[in-house]
Every structure is written in structure tokens, then in C-alpha cells.
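Every number here is computed from the coordinates shown, using simple stated rules; none is lab data. Nothing here was measured: the structure is a model prediction, and the numbers come from that model. When we count neighbours, we look across all protein chains shown, and the Cβ atoms used for this are built from the backbone with ideal geometry, even at glycine.
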Amino acid sequence: KMTQQMRDLQLAQARKPPGPSSPNAAKRLYRNLSGKFRVNYTSFDEGSLAGRSEKEKLRKSYLIQSNAALFEAVELQDLDRVQELLKQYSPEELDLNTPNSEGLLPLDIAIMTNNAPIAKALLQAGAKESPHFVSLESRSLHLSTLVREAEQRVNELTAQVVNEAPNADCSDKEKQLKAWEWRYRLYKRMKAGFEHARVPDPPSNIQLSVASSSSVHVTFWEPLSVNSAVVTKYKVEWSCSPTFSPLLGEAVIDKLKNLHFTIQGLVSGTAYYVQVSAYNMKGWGPPQSSVPPFAIPSNWREYDGRAPRRRGQAEALDQLLSQVKTVHQHCVCHEPCKNQPQSRKHSVSKSLKHLFHPGSKFLKTLKRGLYLTAVFYKDDNILVTHEDQIPVVEIDDTYSCLLMQDFLWFTKVSCMWDEILWLRQCVTVSQSSCSCILQTRFKMLLATSQMQGLLGIQDLGQVFFEPIKDKQGNILIVTLKEVKTNQTFESVRWVPICKLQTSRKSVSSPEEPTALDTLLITVQDKLAYHRRSSHALSPGLYLGYLKLCSAVDQIRVLVPERLPNILCHVKIRSNPNISREEWEWLQKMVSMDEPVPMEPEADTSQNHLFQELQVAIKELMTLVNIPLQEAKDFRLYSQEVLDFGGQVSFLLLLPPSDDVCTAPGQNNPYTPRSGFLTLPLQIFELGKKR
């Protein structure tokens with residue numbers, strides 16, 4: 001069969017222009033062709049094509065050329081071109097796993113010439129080895145056939161060149177001869193690479209950890225030795241016996257982008273031993289046991305049988321809200337304000353007339369009062385009115401209540417933008433003629449309704465963690481929302497932020513900036529805060545630092561600017577689960593009177609956690625600018641592990657009891673470096689729920 005393939009190839013070569021006459025000529029030809037291959041077929045004028053079928057033929061032609069270019073690049077060991085083709089085309093478009101006429105795949109050529117960088121690039125793109133090589137004997141026979149037939153072709157062409165008189169045909173024969181000599185050397189190099197290769201060494205740094213009550217997770221690295229052939233897959237095996245007899249299961253990993261595997265469906269409380277072996281074209285290498293050698297699936301909750309803290313809470317709150325709504329449907333607060341005093345009714349209708357009038361508009365300038373502004377942004381553009389102003393509506397022009405209480409209440413309202421109408425019906429002014437707080441909150445709801453109506457959208461986004469004040473007595477509550485789709489709004493348009501800031505500078509007074517001026521000056525910082533506050537942590541176990549400071553009307557929490565929705569933290573490890581054995585060791589450690597507990601036994605999960613905690617505590621103390629010697633007075637919160645969605649968990653590091661919350665006027669000797677801010681505790685809690 002191989003001989004017939006080579007004869008077909010020879011006939012095809014006879015019909016085609018002569019091949020490259022030497023390696024240098026082959027490289028020049030390849031570069032010229034690859035330059036043509038870079039042309040994007042969609043750049044042709046579609047009107048010049050006869051029809052869809054011709055366009056499809058043209059596309060297939062370019063894909064065939066790209067496949068040929070990939071083989072050329074691998075054979076010429078051009079790593080840059082290989083990476084370029086893998087980035088430009090999908091594996092399906094490249095026919096990455098379809099053998100060529102010689103029964104070879106690009107990966108076969110790369111591993112048998114021992115070109116590790118190209119082989120790894122192909123493996124990460126999903127390349128496979130040729131299905132023809134089902135055994136070592138079949139691979140050896142295939143390579144021997146390629147070498148023998150290439151040598152035979154070289155001998156035939158050599159005889160023809162020697163015996164024929166010099167002419168045009170002879171010149172073509174010489175070029176073919178040089179091309180076949182180059183291919184003969186390639187096949188010999190591949191055959192030698194296969195013959196001198198040996199099975200791979202065991203994988204290195206095999207780490208085993210408990211992933212849950214029914215699974216364990218194993219991670220590993222490539223073999224340390226670089227003398228063997230390229231590894232193309234790995235095998236993970238597990239058993240309840242240290243001798244791995246009987247074997248409970250195995251898994252082959254041929255996607256080598258991330259070298260890890262989770263063994264699922266295990267029995268909690270049972271010890272499982274794990275070993276990993278590597279494979280190359282010479283076969284499977286010896287297995288290597290993990291460290292620790294076994295793991296017992298479990299979770300820290302099994303230590304005392306504790307149920308998740310938030311189990312059923314969301315459902316209970318939804319049910320409670322539904323019950324409240326049902327009761328309020330027939331509540332007297334939904335009736336018209338018939339019994340309201342005439343003077344009060346006149347006052348309310350006068351102060352709210354502009355909200356219900358069909359000609360209600362956004363405000364252009366601020367007077368002394370409380371206002372609401374909505375900042376919608378998309379990339380580097382911001383939503384403004386037709387007067388190039390950020391949308392602003394008035395809440396109260398005679399505001400005189402406690403701002404922080406009302407502001408924190410409004411941040412909770414931001415979780416219910418769709419329920420504003422219902423909240424307005426519940427917060428009735430007629431029953432609060434003596435309540436300044438309830439009147440202000442009713443006006444906040446009215447202003448929110450007005451903003452929603454003018455913009456034509458209900459979701460106004462997230463409330464910025466502090467209002468903006470100016471010397472003229474204006475207070476501006478800011479909401480922020482990123483628009484990621486082509487959403488339409490009423491009475492507004494998009495403009496670049498830089499253009500808006502430039503135009504505002506020309507009309508504002510830098511000596512006495514208004515709240516709107518301050519908003520425009522700091523809008524980029526606020527947008528950056530909003531983007532960062534929606535970022536999520538990567539899966540893992542973290543060590544968090546809880547530090548509070550109190551004021552007259554609020555408690556604030558220390559957070560990093562880069563992730564303001566999370567406590568100050570460092571990552572302990574990528575596995576978020578804490579096993580029962582680890583949690584039991586932690587309980588013993590925090591209950592000891594000695595300042596330095598004894599280290600657990602080596603090669604155990606407890607010892608690994610101990611070492612990881614030591615590193616994490618040092619890193620965290622440096623991060624928050626606290627001398628390491630002070631860490632001896634700090635405590636680990638040992639009541640529970642804080643779980644967030646099953647993929648992220650936290651252990652908390654607490655200062656001494658007297659220093660957890662700094663009181664007003666109390667001196668804090670250890671001030672964190674730049675890159676931190678303090679958020680009101682209620683704002684931080686809302687950020688965690690978003």
C-alpha cells in the first residue's frame with residue numbers, strides 16, 4: 001500500500017512544476033507560498049465571483065493551501081509560522097488530524113524530529129498522533145518504508161540525470177532530485193529520532209488534594225528529563241490499595257494545556273492512592289505516586305456536621321417578600337390620600353408637580369439640594385442629554401435630614417429597581433407628616449421613577465459608595481452602569497468622555513467646582529471602581545484580613561482598590577476545599593496555648609496547609625504594612641470557612657480583639673500602603689451579593 005502511495009505521489013509530481021532543488025530552495029519556495037497563503041479569502045470582491053459555489057471552492061482552496069503550509073512549516077521547523085497558522089485557522093480548517101499522503105500528521109513529524117516547541121504548540125491546539133501507528137512495530141515499519149522508497153526515488157532520479165543529455169527536462173530532473181534528497185534526509189532523521197528515543201520518565205511534582213466529600217484533585221508537571229521524546233499524553237490511576245491492585249479506575253489525559261485531573265464519584269472517608277505516568281511514541285513510562293500518597297475525600301463541615309449557613313435563605317426571603325406584597329395589595333396606603341390635610345396636600349402637589357408634568361426634563365444646573373445622577377458608559381463613551389449634561393434629576397431642594405442614613409437606605413433600594421412603583425405605594429407620605437426621614441425616602445423613590453421614565457430603562461445600576469458634595473450645599477448621589485449591548489435610550493446620546501470633560505472645563509470655575517464638576521473630574525476613577533467591583537476571584541482558598549474602623553454614623557471596612565468587593569486577601573492555594581483532617585488540625589492549632597504550634601507530619605495534607613498558611617500570612621502582613629512580629633497576636637477565625645459559590649473560600653485573619661475595629665480618634669500605628677480604601681459596611685455587603 002505504501003509503495004502504491006509513493007507511485008501516486010510520483011505521478012502527481014510529474015504533472016506538477018518541479019519541487020525545490022535544495023533545503024534553501026525549499027525554504028525560499030515555502031516563504032513565497034506562505035506569503036500568498038496569508039491572503040484572506042474574504043478580501044476578494046464578492047461581486048466578481050460567479051456565485052456562492054465558487055466562493056466556497058475558493059475558500060476550500062485556501063484551506064488546502066493552509067494545510068500544506070502547516071506541513072511545510074513543521075518540516076522546516078519554522079515555529080513562528082506554525083504558531084501563526086494555528087492562530088489564523090481552527091484545527092478543523094487546517095485538517096490538523098487528517099494524515100497526508102505519506103500517512104503522517106504534523107505532530108508525527110514534530111515528535112519524530114524531536115522538535116519539542118512545535119510539538120507542544122500542536123498538542124495545545126488539539127493535535128493527535130497518526131492512527132496508523134497502533135504499535136511500535138507499525139511505526140518502525142512505516143518509517144522504514146518511507147526511507148526505502150525515498151532512497152529508491154533518489155537513485156532513479158540520479159540515474160536519469162547522469163544518463164540524459166543536458167536539456168530542459170534534465171534541469172527539471174535535477175530539481176526533483178535535490179527535493180527528494182532533502183526529503184530522504186528528513187525521513188532518515190525521523191527514523192533515527194524514533195530509534196534513539198526511550199520511554200519518558202515519570203511526571204514530576206505530583207500533588208494530591210481533597211476536592212470535596214466525593215472527589216480528589218491531582219496536579220502534575222512534565223517529566224524533568226529533556227532527553228526523551230515529547231510526551232503526548234498522561235495516565236492517572238487510582239486505587240484503595242498502595243500496591244494499586246486491584247485498580248479502581250484510570251483516565252488518559254491528551255489535552256495538555258492544563259496538567260490536572262479531578263477524580264469524582266468517590267466514597268467519603270475512604271483513602272485513595274493515586275499515581276501518574278507519561279506516554280511518548282515509545283510507549284508508557286513508569287508511574288509515579290502522588291504527594292501525599294493518598295487522600296481521603298471529605299469537607300470541613302463533616303467535623304461537626306454543620307449545615308451551610310445560607311442554605312434556604314434566598315428561598316425564605318423570596319417567600320417573605322411575596323407575603324409582604326400580598327398583604328400590601330389591600331393596604332390603606334394604596335388608597336388615595338383622601339384624609340391628608342389640605343395644606344399638606346397642596347404642598348405635596350406643588351413640590352411634585354414637575355415630576356408628573358409631561359414636560360419633565362433633566363436638570364441643567366444645580367441649586368442647593370439633593371440630586372440623583374445616572375452614569376451609563378460603554379467603552380470610552382458616556383450617556384448625556386441633548387444639552388451635553390450627565391442625566392440629573394432633583395430629589396429634594398430643602399434637604400435637611402441625616403444624609404448617611406438615607407443614602408445607605410437608597411443603596412438597598414438599588415437592589416430592587418424593578419419594584420420602585422410598589423415601594424412608592426408602600427412609603428406613603430400621608431402617614432408620615434412628622435417624619436423627615438420618610439418624606440425624603442418617598443422623594444428618593446419619586447426621583448428614581450422620574451429618572452427611569454426619562455431614560456426609558458428601569459435598571460440604573462450600582463450606587464457609588466459615597467455621595468458627592470460641594471461648597472454650594474449640593475449633594476449628588478451617583479449610580480453607575482456599564483452598557484455592553486446596543487441598547488437604546490430616550491432623550492440621551494453617547495459622547496466620548498474626554499470630549500465631555502474638555503467642554504465642561506471651559507465653562508466651570510476651578511476655584512469653586514460644583515458637584516457636577518467634581519463628578520466629571522473624577523468620572524474615570526468612578527468607572528474604574530465600578531469595573532473592578534464586578535470582578536470575581538479565581539477559584540481557590542484565600543486568607544482574608546478583616547479590619548474595621550468606626551465613625552459617628554457608620555462602620556467602614558478596609559478593602560483593596562483593585563477588588564473593592566473583597567476583603568484584603570492573598571491566595572493560599574488553588575483548591576478551595578478544606579478537608580475534615582485539615583480543619584481538625586486547624587482547630588487544635590488555634591486552641592493551643594503555645595505561640596508556635598508543632599508542625600504536622602511530613603507528606604500529609606495538614607503539613608502542606610501549614611506551610612501554605614505560613615507563606616500566606618507573611619505575604620498578607622507585608623501587603624497591609626504590618627510588622628511580621630505583630631502577627632503573633634493575630635488570630636485565625638476558627639468558627640467556619642467562608643464559602644462563596646463553592647469555588648472560592650476564605651479563612652479570616654483577625655487582629656487582636658481590641659484592634660479589630662478602630663474607634664473614632666483612636667490611633668492606628670499600622671497604616672496600609674497605597675492601593676486600599678474603606679467602604680461603608682453596608683456598601684461592602686451589597687457588593688458581595690451582586
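Extending 7 Å from Cα along the Cβ direction at residue 251 and again at residue 630 yields two label points whose distance is 4.5 nm.
For a straight C-alpha distance cut-off of 14 angstrom, the aspartates and glutamates reachable from residue 282 (same-chain residues fewer than eight places away being disregarded) are 108, 129, 137, 195, 201. At full extension, residue 618 and residue 87 could sit 187.0 nm farther apart than now, given 0.36 nm per residue minus the alpha carbon distance. Computed extension length for residue 685-residue 487: 68.3 nm, one decimal, from 0.36 nm per residue of separation with the Cα-Cα distance subtracted.
Listed by chain and number, the aspartates and glutamates whose C-alpha is less than 19 Å from the C-alpha of residue 325, apart from same-chain residues fewer than 8 away, are 315, 335, 418, 419. Mean sequence separation of contacting Cα pairs (under 8 Å, at least six apart), scaled by the length of region 55-196, corresponds to a relative contact order of 22 percent.
Convex hull volume of the Cα atoms of region 207-298, normalised per residue: 91 Å³. Once the Cα-Cα distance is subtracted from the 0.36 nm per residue extended length, the residue 534 to residue 318 segment shows a gain of 75.4 nm. How would you classify region 55-196 from its alpha-carbon gyration tensor, with a ≥ b ≥ c the square roots of the eigenvalues: rounded for a/c under 1.5, else prolate if a/b is greater than b/c, otherwise oblate? Since a/c reaches 1.5 but b/c is at least a/b, the shape of region 55-196 is classed as oblate. Checked against a 23 Å cut-off, the cross-linked pairs 526/571; 588/632; 128/235 give Cα-Cα distances beyond that limit for 526/571. Pairs of Cα atoms nearer than 8 Å and 6+ residues apart set the relative contact order; for region 369-532 it is 31 percent. Is the shape of region 362-418 best called rounded, prolate or oblate, per the rule: a/c under 1.5 gives rounded, else a/b larger than b/c gives prolate, else oblate, with a ≥ b ≥ c the square roots of the Cα gyration tensor eigenvalues? The shape class here is oblate.
For region 207-298, what is the relative contact order in percent, using Cα pairs closer than 8 Å and at least 6 residues apart in sequence? Value for region 207-298: 39 percent.
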